[in-house]
Amino acid sequence: MSKDPDVMHPLRDEAFRLAEDLAAHILDTSNSYRALSEQDEFPGRDRMRLVILLVMFEEVGKLMSLVKECEKAAKADYVNVRIEDYHDHCRNGRKAAAQILEELRTVEQASMALGRKDIKISEEPAFLREDFCSLQERLLYLDADTKKRSLTFIPPGDLMDRYAEIIERNTLAAAEYIHDLGRALGLWLQLGRKAKRVEGKPRSVRYT
């Protein structure tokens with residue numbers, strides 16, 4: 001069991017800086033995901049992509065909660081920010097995955113309403129029906145019993161890429177919002193990352 005507290009009470013300015021640092025860390029993790037995605041397919045590649053994606057889900061879940069509480073503290077002029085379940089990786093990861101899936105479905109529904117015939121509503125990915133807390137360990141450390149090594153819950157690569165793109169988009173939006181809200185409070189916050197796209201490679205998104 002983790003010794004970390006379930007609830008954090010950082011000072012408001014410290015919480016704002018934590019949000020910017022966390023956003024930068026998510027984009028750094030995304031760099032690793034993208035670098036792996038661009039490699040030629042090899043056994044184990046998608047397994048490791050999902051491991052990295054699960055980390056991104058956990059961290060963007062933390063970021064969503066943190067931004068919400070920072071906004072509340074700023075508007076109510078609280079000295080501290082109360083962040084519940086910040087260290088609960090399972091809860092944050094599952095919550096973020098559900099929210100991002102809902103965002104994806106909203107886009108798909110809008111596309112269908114506009115007449116796109118090649119679009120269908122994404123189903124809940126199989127990994128969300130697994131024990132989210134043990135997924136990373138099960139992916140990294142395969143059971144000695146080959147009958148227990150089933151990895152059928154790994155989503156298709158293109159779906160994982162779409163999740164990663166939405167996480168990146170949400171992270172950049174959250175960082176921009178925290179930056180603007182912080183300036184209103186007299187804080188100067190800098191994400192320290194910017195997107196760099198490589199021509200001819202739509203998946204080549206780098207944050208430097």
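The values are calculated or read from the model by the stated rules, or taken from the named source; none is laboratory data. Keep in mind the model is a prediction, meaning the values are calculated, not measured. Note that we place each Cβ from the backbone using ideal geometry, even for glycine, and neighbour counts take in every protein chain shown.
The table for this structure:
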read-out: Options ALA174, ALA184; residue that is under 19 Å from the mean Cα position of the chain (by Cα) and either modelled with pLDDT of 90 or more or under 25 Å from ALA96 (Cα atoms) (or both); value: ALA174
read-out: Residue in the range 78-101 that is of a type in the set (D, E, K, R), surrounded by fewer than 17 Cβ atoms within 10 Å (Cβ to Cβ) and free of Cβ contacts under 8 Å to residues at least 12 places away in the same chain present; value: no
read-out: Condition met for ALA164 (over 27 Å from LEU11 (Cα atoms), small (Gly, Ala, Ser) and part of a helix (DSSP H, G or I)); value: yes
read-out: Unique match (being crowded, with 19+ Cβ neighbours inside 10 Å, in contact with a helix residue (DSSP H, G or I) (Cβ under 7 Å, 6 or more places away or on another chain) and of a type in the set (A, V, I, L, M, F, W, C)) among LEU36, LEU50; value: LEU50
read-out: Test result for LEU128, in contact with a Phe, Trp or Tyr (Cβ under 8 Å, 6 or more places away or on another chain), assigned to a helix (DSSP H, G or I) and either among the hydrophobic types (A, V, I, L, M, F, W, C) or more than 23 Å from ASP13 (Cβ to Cβ) (or both); value: no
read-out: Residue within the range 51-73 that is touching a residue at least 40 places away in the same chain (Cβ under 8 Å) and of a type in the set (Ser, Thr, Tyr) present; value: no
read-out: Which numbered condition HIS9 fails, given (1) modelled with pLDDT under 95; (2) closer than 22 Å to LEU128 by Cα; value: (2)
read-out: Subset of the range 167-189 [surrounded by fewer than 18 Cβ atoms within 10 Å (Cβ to Cβ), in a helix (DSSP H, G or I) and either of a type outside the set (Lys, Arg) or touching a Cys at 6+ places or on another chain (Cβ under 9 Å) (or both)]; value: ALA173, GLU176, TYR177, ASP180, ALA184
read-out: Of the criteria (1) more than 20 Å from the chain's Cα centre (by Cα); (2) at pLDDT 90 or above, which one THR146 fails; value: (2)
read-out: Of the criteria (1) touching a helix residue (DSSP H, G or I) at 6+ places or on another chain (Cβ under 8 Å); (2) under 23 Å from ASP46 (Cβ atoms); (3) modelled with pLDDT under 85, which one VAL198 fails; value: (1)
read-out: Residue in the range 131-154 that is surrounded by the most Cβ atoms within 10 Å (Cβ to Cβ), counting only those that are assigned to a loop (DSSP other than H, G, I, E, B) and aromatic (Phe, Trp, Tyr); value: PHE153
read-out: Condition check for ARG105: under 18 Å from the mean Cα position of the chain (by Cα), surrounded by 15 or more Cβ atoms within 10 Å (Cβ to Cβ), of a type outside the set (A, V, I, L, M) and not in a loop (DSSP other than H, G, I, E, B); value: no
read-out: LEU66 vs. criteria in a helix (DSSP H, G or I) and either closer than 27 Å to PRO156 by Cα or of a type in the set (Ser, Thr, Tyr) (or both); value: no
read-out: Filter result (closer than 19 Å to THR152 by Cα, charged (D, E, K, R) and at pLDDT 95 or above) within the range 17-60; value: ARG45, ASP46, ARG47, ARG49
read-out: Subset of the range 80-102 (residues that are β-branched (Val, Ile, Thr) and in a helix (DSSP H, G or I)); value: ILE100
